[in-house]
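Worksheet: one structure, shown below.
The values are calculated or read from the model by the stated rules, or taken from the named source; none is laboratory data. Only a predicted model underlies this, so the values are computations on that prediction, with no experimental measurement involved. Here the Cβ is made from the backbone with ideal geometry for all residues, glycine too, and neighbour counts use every protein chain on show. To get the accessible areas, we keep the full protein, side chains included, count just its heavy atoms, and leave off ligands, DNA and RNA. Shrake-Rupley method; radii C 1.70, N 1.55, O 1.52, S 1.80 Å.
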Amino acid sequence: MPEPSPRRMEPTRDYPLFGGAFSATLPPGAMDVSDLRPVPNNQEVFCHRVTDQSLIVELLEQQTHVQGEEAARYHFEDICGAQEARAVQVETVQPLFLENLALRGCCQEAWVLSGKQQVAKENQQVAKDVTVHQALLRLPQHQTDVLLTFSQPPPDNRPFLSPENVSLLPWSLGDFEQLVTSLTLHDPGIFGPQ
């Protein structure tokens, strides 16, 4: 019996996340990784259909011991540590303008960080340089840090422009920005009793 093929999603204004508690606009070619393997309940993970790019939306306990730019650096370094990354480097950290966010009503501060890390994929010895862009949206009234991560490994040499994939260009920073700015909260109950 053949395995079910992963859902293929085209851009949509209201793609439901976390059981519909949130929604966001996803870029073309996004596949829901939970259709392929288990994903933690506090994460929504999407991979590009033909590149090794990925997008993660993660709900984390708010780290009140770090503020401002240091909070963005803390989350970046925490994830790099969990991935056993080498040669971790933060390139830029900048504030995001809250008025551009769909979450502006409950987001008190927002940061975007760009950096690089060397990571070896599972079962591989060679570490590759991966460009990572992260957006940190801080929701103090819900004691939550929302972390959105866009990972861009170096392109491999696979020819990915087969006839069915010819329209699937690699994701851009603009696609990531659209995900971040479109993220909308529909059900605050996801955070538990306040």
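The listed residues are 78, 35, and the only one of them that is modelled with pLDDT under 95, under 18 Å from residue 16 (Cβ atoms) and surrounded by fewer than 18 Cβ atoms within 10 Å (Cβ to Cβ) turns out to be 35. For the range 25-40, check the following and say yes or no: at least one residue is under 15 Å from residue 148 (Cβ atoms) and assigned to a strand (DSSP E or B). Yes, the range 25-40 contains a residue that is under 15 Å from residue 148 (Cβ atoms) and assigned to a strand (DSSP E or B). Test residue 11 against the stated conditions and say whether it is farther than 22 Å from residue 130 by Cα, open to solvent by 70 Å² or more (accessible area, probe 1.4 Å) and either in contact with a strand residue (DSSP E or B) (Cβ under 6 Å, 6 or more places away or on another chain) or modelled with pLDDT under 95 (or both). Taking the combined requirement at face value, the residue satisfies it. Of the strands (runs of 3 or more DSSP E) lying entirely inside the range 84-194, those containing at least 1 residues that are within 26 Å of residue 23 (Cβ to Cβ), modelled with pLDDT of 95 or more and open to solvent by less than 20 Å² (accessible area, probe 1.4 Å) are 109-119, 128-139, 144-152.
When the criteria are applied in full, residue 109 meets the requirement of being farther than 22 Å from residue 170 by Cα and touching a Gly at 6+ places or on another chain (Cβ under 8 Å).
All conditions in (1) in contact with a Cys (Cβ under 8 Å, 6 or more places away or on another chain); (2) farther than 18 Å from residue 180 by Cα hold for residue 98, with the sole exception of (2).
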